[in-house]
Amino acid sequence: MLTTEERIRYSRHISIPTIEEAGQERLKSGRVLVVGAGGLGSPTLLYLAAAGIGKIGIIDPDIVDLSNLQRQVLYTMDDIGKPKVEIAKARILAANPNIQVEIYQDTLTAENAKHIVESYDIVVDGTDNFPTRYLVNDVCVLLDKINVYGSVYRFEGQVSVFNYTSKEGVVGPNYRDLYPVPPNAGSVPNCAEGGVLGVLPGIIGSLQANEVIKIVANVGEPLSGKLLLFDALTLESRILTFNKNEDTNITDLINYEQFCGTEILNNMSEVKEITVTELKEWKDSKKDFQLIDCREQYEFDFCNLDGELIPLGNIIEQAEKISKDKDVVIHCRSGQRSATAILQLQTQLGLTKLYNLKGGILAWSAEIDPSVPSY
């Protein structure tokens with residue numbers, strides 16, 4: 001039952017003929033887990049809390065960073081360095097103290113996913129990496145939970161609803177029916193690498209919240225078997241339909257880093273490293289070596305170490321530019337993408353004289369030249 005205060009708070013919902021008080025009571029009984037409290041999670045959490053979803057879970061291991069503030073509207077300058085889940089909980093409870101909020105300052109993994117997800121009816125996927133997307137999908141299928149998916153990249157966004165059971169009892173398609181296999185590791189940049197228009201996660205996250213509210217209140221038609229594509233530059237949107245693949249068989253959670261090819265990043269023992277101090281010594285001594293920057297063009301334009309730009313996504317097809325006769329140092333912002341590049345070059349092409357710049361641009365800025373921005 002709704003309290004008098006709740007009837008006033010949700011009066012604009014209750015006055016809608018298809019929602020009314022019964023629909024608002026369903027929202028009050030709703031249990032929704034939001035995976036990722038970043039660009040997509042921020043608007044989703046705000047609107048789910050405002051709508052009166054009774055129990056909201058938030059899982060995210062990260063702390064607030066200055067670069068988040070361009071799009072993650074839950075946070076302010078005062079929150080930098082603090083756990084996102086704690087700030088997010090405080091903000092949405094300040095907006096609506098009638099709801100229950102559970103937080104998990106952790107990464108969703110194959111080991112903890114079932115335990116966390118089983119307490120919720122719907123999972124909102126606000127992540128930006130393929131291993132977690134497949135994990136969210138699979139645990140939802142195994143536990144019979146609804147997965148409200150969203151993704152953003154530069155000016156484009158996607159929204160869909162996976163594993164939704166219709167009124168006729170038919171279970172709709174899941175993420176693997178749309179994307180049976182992940183793209184090659186490193187071929188699709190995340191937001192940090194490829195960029196994203198700040199307002200776009202707000203649009204897509206709001207659409208995810210809209211799907212959740214429709215499903216819980218039992219109104220409208222969810223995007224089950226449909227993929228909404230949105231272009232922020234033209235304001236054009238399209239809806240593509242797709243079907244369930246009966247051959248898709250999910251029996252248990254797996255090693256998603258291995259499945260998506262990102263487990264290669266764990267093989268750091270196979271990557272030779274050079275520190276920024278050593279790189280400076282090579283530069284100062286005029287050592288004959290090649291320096292390659294595997295970041296994106298916009299990052300290179302913002303700051304660089306006078307290396308040759310070959311973005312990670314093009315590193316294999318442009319491998320002829322990489323010297324086979326002298327030492328080659330490959331760097332990125334932090335050392336992760338460059339390690340991926342080296343592992344790809346070693347395993348696919350057999351190149352050997354490759355060194356990863358430990359800590360990347362960030363380490364160079366902190367230890368060698370503070371005038372280089374540590375973006």
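What follows draws every value from the coordinates through simple rules; no lab data is involved. Every value quoted in this text rests on a predicted model; they were computed, and no experiment measured them. Backbone-built Cβ (ideal geometry, glycine too); neighbour counts: all protein chains shown.
Local charge sum around Leu178 (other residues, Cβ-Cβ under 12 Å, Lys/Arg +1, Asp/Glu -1)? Can you show the working numbers first?
Values: positive: Arg133, Arg176, Lys226, Lys244; negative: Asp177.
Net charge in that neighbourhood comes out at +3.
When only DSSP loop residues count, what GluC sites (Glu not before Pro) in segment 70-162 have their Cβ near at most 16 other Cβ atoms within 10 Å?
Glu111, Glu118
Short version: ³J(HN,Hα) in whole Hz for each residue of segment 86-96, in order, from phi by Karplus 6.51 cos²θ - 1.76 cosθ + 1.60 (θ = phi - 60°), x for Gly and Pro, what are they?
My calculation for segment 86-96 gives 5, 5, 4, 4, 4, 5, 6, 6, 5, 6, 8 Hz in order.
Quick one: which residues, 5+ away or cross-chain, put their amide H under 5 Å from the amide H of Glu102? H built at 1.01 Å from N.
Ile56, Gly57, Ile58
With θ taken as phi - 60° and the coefficients 6.51, -1.76 and 1.60, list the Karplus ³J(HN,Hα) couplings across segment 47-53 in order, rounded to whole Hz; mark glycine and proline as x.
So the J values, rounded to whole Hz, are 6, 5, 5, 5, 6, x, 4.
Which three extents, in whole angstrom, do the alpha-carbon atoms of segment 1-113 cover along their principal axes, largest first?
Between the extreme Cα coordinates on each principal axis of segment 1-113 lie 42, 34, 20 Å.
222 nm [θ] for the chain, helices only, -39500 (n - 2.57) per DSSP H run of 4+, per residue, to 500?
Using -39500 (n - 2.57) per qualifying helix, the result is -9500 deg cm²/dmol.
How far apart, in nanometres, would the label points at Leu229 and Phe300 be if each is projected 7 angstrom from Cα along the Cα-to-Cβ direction?
The two pseudo-label positions are separated by 2.8 nm.
Can you give me the long-range amide H partners of Leu309? Hydrogens built in the peptide plane at 1.01 Å from N, cutoff under 5 Å, separation of 5 or more residues or another chain.
Under 5 Å from the amide H of Leu309 lie the amide H atoms of Asp293, each far enough along the sequence or on another chain.
Explain nothing, just compute: Karplus ³J(HN,Hα) = 6.51 cos²θ - 1.76 cosθ + 1.60, θ = phi - 60°, for every residue of segment 163-173 in order, whole Hz, x for Gly and Pro.
Karplus-based 3J(HN,Hα) across segment 163-173 equals 6, 8, 9, 6, 4, 7, x, 8, 7, x, x Hz.
Which of the trypsin sites (Lys or Arg not before Pro) found in segment 110-185 are loop residues per DSSP with 16 or fewer other Cβ atoms within 10 Å of their Cβ? Numbers along the way, then the final one.
On the way: sites: Lys114, Arg133, Lys145, Arg154, Lys167, Arg176; in loops: Lys145, Lys167.
In loop regions of segment 110-185 (DSSP not H, G, I, E or B), the sparsely surrounded trypsin sites (Lys or Arg not before Pro) are Lys167.
Based on the inverse mean of 1/r over its pairs of different Cα atoms, what is the Kirkwood hydrodynamic radius of segment 118-189, in Å?
12.9 Å
Can you tell me which of 344-350, 57-63 comes out highest on packing, and rank the rest after it, using the mean Cβ neighbours within 10 Å?
57-63, 344-350
How far, in nm, would the chain grow between Leu253 and Tyr104 when pulled straight, counting 0.36 nm per residue and subtracting the alpha carbon separation?
Going from the current span to full extension adds 51.6 nm.
If you restrict to DSSP beta bridges whose two residues both lie in segment 4-264, what percentage is antiparallel, to the nearest 5?
Around 50 percent of the beta bridges assigned by DSSP in segment 4-264 are antiparallel ones.
Please report the spacing between the Cα centers of segment 329-375 and segment 26-72 in Å, no decimals.
Rounded to whole Å, the Cα centres lie 33 Å apart.
Could you put Cys140, Cys191 in order, starting from the residue whose Cβ has the fewest other Cβ atoms within 10 Å?
The fewest-first ordering by Cβ neighbours comes to Cys191, Cys140.
Between Tyr179 and Ser237, how high is the FRET efficiency from 1/(1 + (r/R0)^6) when r is the Cβ-Cβ distance and R₀ = 22 Å? Nearest 0.05.
The calculated FRET efficiency here is 0.65.
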